Amino acid sequence: MTTTTTPHPGSHSGPDSDSHSRFAVARQVADAVLLEGYVLYPYRASAAKNRLRWQFGVLVPPAWGRAHEEHVLQQTEILMEPRGAATLVLELRFLHAQRRTVQQASDDGGFTEVAELHLADRVLVPWDEGTEERVEVSVPVAELLGDEDVAFPFHRPARVDTEPVHDADGRTVGRLVRRTEEIEGVLRLRATELPGAYRVLRLRAVVENTSPWTPPPGAGPVDREAALPHSLVAAHLLLGLDAGSFLSMTDPPEWARQAVAACENRHTWPVLAGEPGRADVVLSSPIILEDHPAIAPESAGAMYDALEIDEILALRTAALTEQEKREARGTDARAAAVIDLADSMPPEVLERLHGAVRALREVTGPEQPPLIAELPSEDVVFRPDTPWWDPARADTADPARDRIAIDGASVGPGSRVRLRPGLRRTDAQDLFLQGRTALVEAVLHDVDGGVHLAVTVEDDPGADIRREQGRFLYFQPDEVTPLEDA
């Protein structure tokens with residue numbers, strides 16, 4: 001077995017050169033997982049949403065995890081069918097937060113720490129940068145069979161780096177000081193052969209932070225920033241087999257469903273990755289994905305918010321003021337790249353982001369549908385000027401006057417009811433209305449025969465506006481209790 005650690009970004013050496021080509025497609029999605037929420041619009045350190053970072057896949061030191069109930073490890077369990085003398089290739093990837101402070105040059109040749117350093121093109125401020133770390137392992141599957149885990153410990157030493165800052169004339173006006181704290185961890189692997197007609201192994205991969213760092217006395221949850229430089233941030237795994245395949249955890253074959261259900265995945269979820277149709281690569285991510293996730297081909301570059309829409313982010317970023325762009329460029333190199341991307345995006349690229357249809361397929365040859373031989377009669381042609389509901393017809397439904405019986409009481413527009421949202425079919429917002437009183441505005445009937453009550457909550461200062469705009473809350477009859485009308 002071999003193991004290689006990659007302590008500095010930019011180094012991509014590994015134990016298996018083929019693993020990089022195998023993981024190439026999956027790594028595009030893995031990069032989005034790694035940097036999801038890294039820096040959010042408006043891409044400035046001063047923005048409120050960028051003051052609470054590192055939300056996904058954070059594995060904290062044990063001392064902090066025990067005191068504040070945060071995750072110290074993540075566990076992946078997945079089924080695989082290796083062939084022959086198969087080798088498992090694995091990449092653990094995570095961000096290592098490093099503290100960056102800003103210092104200004106003084107006349108005596110020294111440096112003084114400052115909150116801001118203004119340059120012509122950017123404003124430098126203190127910031128926590130994230131450097132990519134990798135632990136790469138290649139091990140024959142046969143060596144993982146046994147009663148004990150096969151452990152691969154890794155270590156990242158503490159270090160301090162400085163970078164001079166020059167003005168437009170090339171003079172040194174300050175420097176950036178980056179402090180990276182020590183991290184220790186371990187990757188534990190074990191494979192167990194399952195009974196049955198097929199040769200199936202359950203692979204368990206545990207990533208654990210074993211850093212000895214301890215929080216200062218009296219540190220509370222608000223001091224989480226102290227633990228982050230010693231944490232594995234956005235930790236996830238890429239796993240590959242050189243011979244054989246993995247089974248889908250989302251849609252397994254019928255014979256494997258029970259074994260899949262017995263797998264225990266903690267704080268991560270494995271999916272088949274890479275090109276569609278292949279099953280030799282798995283991405284185990286702290287963000288739940290579907291099998292064979294992919295980055296939209298229309299995306300022109302990373303926006304560091306894969307849960308948002310690229311078009312919206314690009315338009316908003318392009319609309320930032322020049323001062324805001326200077327602040328964003330000084331926040332982080334990745335933020336500066338987003339600003340440059342939005343400023344240089346040509347109209348035809350932006351147009352590509354304006355929605356895409358992926359469900360259409362070309363129909364050719366003998367399967368082409370027959371042409372319409374004749375136009376249908378006027379009675380069956382939809383006319384835009386004809387409403388779907390015509391009050392002049394026999395249908396006498398009238399939301400403004402209809403009433404229904406609830407618990408023996410007649411309920412209709414103007415009736416007062418007490419709200420009892422149903423737990424099985426409501427959302428979290430409705431639960432806050434439990435026990436509140438409301439006024440029925442209309443009784444509505446859907447095409448399936450269901451009945452819905454449109455209501456406004458009493459004592460809601462915006463009720464008049466909601467009523468004028470027709471923006472009501474909707475409950476079913478068994479979710480309300482009639483009250484005597486005042």
Residue check, residue 94 against (1) open to solvent by less than 10 Å² (accessible area, probe 1.4 Å); (2) over 30 Å from residue 165 (Cα atoms); (3) modelled with pLDDT of 95 or more, all met but one. Which one? (2)
Mind checking which residues of the range 434-482 are at pLDDT below 85 and over 37 Å from the mean Cα position of the chain (by Cα)? 449, 468
Suppose we keep only residues that are of a type in the set (Gly, Ala, Ser) and closer than 20 Å to residue 401 by Cβ within the range 438-485. Which one would you say is most open to solvent (accessible area, probe 1.4 Å)? 449
Qualifying position, being among the aliphatic types (A, V, I, L, M) and open to solvent by less than 70 Å² (accessible area, probe 1.4 Å), among 160, 173: 173
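Looking only at the range 64-76, which residues are under 13 Å from residue 224 (Cβ atoms) and of a type in the set (A, V, I, L, M)?
Within the range 64-76, just 67 meets the criteria.
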Would you please list the contacts, defined by Cβ atoms under 8 Å and residues six or more apart or on different chains, that run from a residue in the range 287-302 that is of a type in the set (S, T, N, Q) to a residue that is open to solvent by less than 50 Å² (accessible area, probe 1.4 Å)? 299/310; 299/353
Could you give me the residue pairs with C-beta distances under 8 Å whose first residue belongs to the range 432-453 and is closer than 14 Å to residue 411 by Cβ, whose second residue is surrounded by 12 or more Cβ atoms within 10 Å (Cβ to Cβ) and basic (Lys, Arg) wherever it lies, and which are 6+ apart or on separate chains? 437/416; 437/418; 438/416; 438/418; 439/416; 440/416; 441/467; 443/403
Filtered residue count, the range 230-261, keeping only those that are over 28 Å from residue 21 (Cβ atoms) and buried (at least 21 other Cβ atoms within 10 Å of the Cβ): 2
Every pair of residues 6+ apart whose Cβ atoms lie under 7 Å, when the first sits in the range 73-91 and is within 23 Å of residue 184 (Cβ to Cβ) while the second is of a type in the set (A, V, I, L, M) and open to solvent by 10 Å² or more (accessible area, probe 1.4 Å): none
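At pLDDT 85 or above and either in contact with an Asp or Glu (Cβ under 8 Å, 6 or more places away or on another chain) or acidic (Asp, Glu) (or both): does that describe residue 31? Break it down into steps so the answer makes sense when it comes.
Details: at pLDDT 85 or above: yes; either in contact with an Asp or Glu (Cβ under 8 Å, 6 or more places away or on another chain) or acidic (Asp, Glu) (or both): yes.
Spelling it out, residue 31 is indeed at pLDDT 85 or above and either in contact with an Asp or Glu (Cβ under 8 Å, 6 or more places away or on another chain) or acidic (Asp, Glu) (or both).
Return the only residue of 214, 192 being part of a loop (DSSP other than H, G, I, E, B), open to solvent by 10 Å² or more (accessible area, probe 1.4 Å) and of a type in the set (S, T, N, Q).
The conditions single out 214.
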Within the range 262-286, residues being touching a helix residue (DSSP H, G or I) at 6+ places or on another chain (Cβ under 6 Å), assigned to a loop (DSSP other than H, G, I, E, B) and either free of Cβ contacts under 8 Å to residues at least 40 places away in the same chain or crowded, with 19+ Cβ neighbours inside 10 Å (or both) number 2
If we keep only residues of the range 34-63 that are at pLDDT 85 or above and among the charged types (D, E, K, R), then the residue nearest to residue 268 (Cα to Cα) is 36
Within the range 103-146, which residues are among the charged types (D, E, K, R), over 18 Å from residue 88 (Cα atoms) and either open to solvent by less than 30 Å² (accessible area, probe 1.4 Å) or assigned to a loop (DSSP other than H, G, I, E, B) (or both)? 107, 108, 116, 121, 122, 128, 129, 133
Determine whether residue 319 is within 30 Å of residue 186 (Cα to Cα) and either touching a strand residue (DSSP E or B) at 6+ places or on another chain (Cβ under 6 Å) or not charged (D, E, K, R) (or both). no
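The values are calculated or read from the model by the stated rules, or taken from the named source; none is laboratory data. What you see is a predicted model; the values in this text were computed from it and never measured. We place every Cβ from the backbone using ideal geometry, glycine too, and count neighbours over all the protein chains shown. What goes into the accessible areas is simple: the full protein's heavy atoms, side chains included, and nothing from ligands, DNA or RNA. Shrake-Rupley method; radii C 1.70, N 1.55, O 1.52, S 1.80 Å.
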